[in-house]
Structure formats: C-alpha cells, structure tokens
Amino acid sequence: MSRRKKFTVSPDVATLQARLTEARDVLHDIMINGATRQLRHGMKEMLFSPMTAADLRAYISDLEGQLGIGGRARARRVAF
C-alpha cells in the first residue's frame, strides 16, 4: 500500500486568507454602498468608511504581502 500525504493548509495561512476575503468584502461594501463597516480580529477592532478606504486598501496590501500574493511591485530606490 502506498501512503499519500494529505495537503494541509497552515492555520496561519488559512487565517490570513479569511481576513483578506473579509477585508475585500468590506472594501466592496463601503465603495458600493457608502456604508461604514467594522472588522474585528480577536481583540483588535477596525472601523472603515468611504473616508478611510485608503487605510483599508493598505491593510489588504499588507495581508497580500504576508501571503506572498501582492498585487503590485513596490518601487525601488536606486542610489549611485
């Protein structure tokens, strides 16, 4: 008999993926409906509105970076 390894996702990655999905959903809601939405992760609570959409985008970029799926390349400074 051959044993196959089961593919398991690290809880940390799964948690980050869930947070990213939730953050994207909140961004969509505040941009489309103009709603104020709350994200809560453990003891940390964040409140977002259309006025703070840039903060939410930064949070999404941070999560994407932690997952290694960043959407944009960062500009690099060239020194001579």
Subject >> Hits in region 24-47 (condition: touching a Leu at 6+ places or on another chain (Cβ under 6 Å) and of a type in the set (S, T, N, Q)) >> reply: Q38
Subject >> Hits in region 37-70 (condition: in contact (Cβ under 8 Å) with a residue 24 or more places away in the chain, farther than 16 Å from Q17 by Cβ and either surrounded by fewer than 14 Cβ atoms within 10 Å (Cβ to Cβ) or under 12 Å from the mean Cα position of the chain (by Cα) (or both)) >> reply: L56, R57
Subject >> Selection count where residues are under 24 Å from D12 (Cβ atoms), at pLDDT below 80 and among the small types (G, A, S), scope region 24-72 >> reply: 3
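The values are calculated or read from the model by the stated rules, or taken from the named source; none is laboratory data. Remember, it's a predicted structure, so these values are computed and weren't measured experimentally. No Cβ is skipped: glycine too gets one built from the backbone with ideal geometry, and neighbour counts run over all protein chains shown.
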